[in-house]
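Notes follow the structure.
The values are calculated or read from the model by the stated rules, or taken from the named source; none is laboratory data. Because the structure is a prediction, the values reported are computed rather than measured. Note: ideal-geometry Cβ built from the backbone for every residue, glycine included; neighbour counts use all protein chains shown. Accessible surface areas use protein heavy atoms only, side chains included; no ligands, DNA or RNA. Shrake-Rupley method; radii C 1.70, N 1.55, O 1.52, S 1.80 Å.
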Amino acid sequence: EDPSSSSLTQNSVVPELPGFYYDSEKNRYFRLLPGHNNYNPLTKESIQYKAMECKRLRLLEEEEKQKKKTTRAGLNSSALLQKRQLGLLSSTSYCRYIHELKVNCMQRRKIEIRSPDSSVAGTNNFKIIVADVACERIFTVNDVEHGGCKYGIINLSGLGKASLTVEMYDNLYFTNRKVLLFHSREKSLFSLTHFSKLCLMGIAETPGCASLLPASLFSSSNPGDRPGMLCSFKISTAWSCAWCLNPQADNCFSTGLTRRVLVTNVVTGHRQTFGTSSDVLAQQFATQTPVLYNGCRSGEIFSIDVRQRNRKGQSWKAIRLFHDSAVTSIRLLEAEHYLMAADMAGKIKLWDLRTAKCVKQYKGHHNEYAVLPLHVNEEEGLLTAVGQDCYTRIWSLQDADLLRTIPSPHPSSKDAIPSVVFSSRLGGSRGVPGLLMAVKQDLYHFSYN
């Protein structure tokens, strides 16, 4: 049973009565009566929240007492090694099963965050964390008291030590309220002096803007030597953005707007507009071809070849897929024959782009209206997603089996949805494997060991 389910098993066969709620422990209905001054402390939401919190605390206690059991019968390291030596398992299958085994044995530890400016370390809630390709550093977005956001870079080299410490470098010059998506300009480069980043941001009272920020803004060197943003473009009503890594259009980025897609060349400033019938909530460029994939509020997923011009009356949608609800996240797999998509109905589907058919569905994800990302790790053969119920779930990418459900260390709420990063080499090529979870002001590491 999914531990984050909002309804108990006993309640699934009990009909709902207007004005009443069913108590599974006492096996009877109770009437919802208003109290003094028309204040009603008993609501369906409060009852469901209490049940969810009890389950979360119970799961946390179980994780503290003992290691999680494996999801597959007979899955242990000695049996896998024996089958590998006998030639019954390929190297790929052996590595995939080992990752599954390690995922079920991950233990949570809190990370100490250090900063050159001790007054700002650990005082703001994490909003988003995103790792670079080498997983040496993570880019962070934190809430600030006056209603904006601050950006920072955390160096993960301290994870290899027994004390589990990381160093955070903040930039206080940009405090925009809205950060939708960012992407590295250079796929294999994440240096504090050479790395540039695409941030889509804006203030509620003013038009939004897409800005390229150099990573040297977050350096601990002399603040007077820090450069400003590389370039900025005014873009309003934006929902998403993506940077193109294909050499044929490597100077372009796209923004998903209300009922249109805008592709911008940062060198020439040239813009190309593609009209759509719905808001574009998710985007990603392919790397082998200059093709842009878009996920819409209507549930449609379509691709655009940015090399062709948008002519009136001409059909420019190459691939079209459909979900029953708004698409909130899309991820292309490495070979770019498959696309993973999640929607607001909590469904995660793997699409074969060659046949335009759904080949796998990953069950258990929870979402009702939030824009939540997917994290695909093909090297480990794992899919990770955080639901709106604040549970982090990890699936087997190949079998679509739910391997692990991790409760949040903090009570579930809309402003406490964890942001995660998963890799087998956090901190670089010789780094430690595991899961990083940022929730509220805290950063946690779930180690493979």
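Some points to look at:
- Residue satisfying all of: in region 391-416; among the hydroxyl-bearing types (Ser, Thr, Tyr) and buried (at least 16 other Cβ atoms within 10 Å of the Cβ); nearest to residue 340 (Cα to Cα) among these: 396
- Filtered residue count, region 417-449, keeping only those that are under 13 Å from residue 137 (Cβ atoms), in contact with a helix residue (DSSP H, G or I) (Cβ under 8 Å, 6 or more places away or on another chain) and surrounded by 20 or more Cβ atoms within 10 Å (Cβ to Cβ): 2
- Residues satisfying the stated conditions in region 46-64, i.e. open to solvent by 40 Å² or more (accessible area, probe 1.4 Å) and of a type outside the set (Gly, Ala, Ser): 47, 48, 49, 50, 54, 57, 58, 61, 62, 64
- Count of region 354-390 residues which are within 27 Å of residue 132 (Cβ to Cβ), buried (at least 17 other Cβ atoms within 10 Å of the Cβ) and over 16 Å from the mean Cα position of the chain (by Cα): 2
- Among residues of region 281-292 being of a type outside the set (A, V, I, L, M) and farther than 11 Å from residue 241 by Cα, the one that is surrounded by the most Cβ atoms within 10 Å (Cβ to Cβ) is 290.
- Within region 334-353, the set of residues being among the aliphatic types (A, V, I, L, M), more than 15 Å from the chain's Cα centre (by Cα) and within 21 Å of residue 256 (Cβ to Cβ) comprises 339, 345, 353.
- Among the residues of region 235-251, just one is buried (at least 17 other Cβ atoms within 10 Å of the Cβ) and hydroxyl-bearing (Ser, Thr, Tyr), namely 240.
- Taken over region 322-342, the criterion of being over 19 Å from residue 289 (Cα atoms) and not hydroxyl-bearing (Ser, Thr, Tyr) is satisfied by 322, 323, 324, 326, 327, 341, 342.
- Options 298, 325; residue that is under 24 Å from the mean Cα position of the chain (by Cα) and open to solvent by less than 60 Å² (accessible area, probe 1.4 Å): 325
- The condition of being at pLDDT below 90, among the small types (Gly, Ala, Ser), open to solvent by 40 Å² or more (accessible area, probe 1.4 Å) and assigned by the TED database to the domain that holds residue 255 holds for only one of 318, 345, that being 318.
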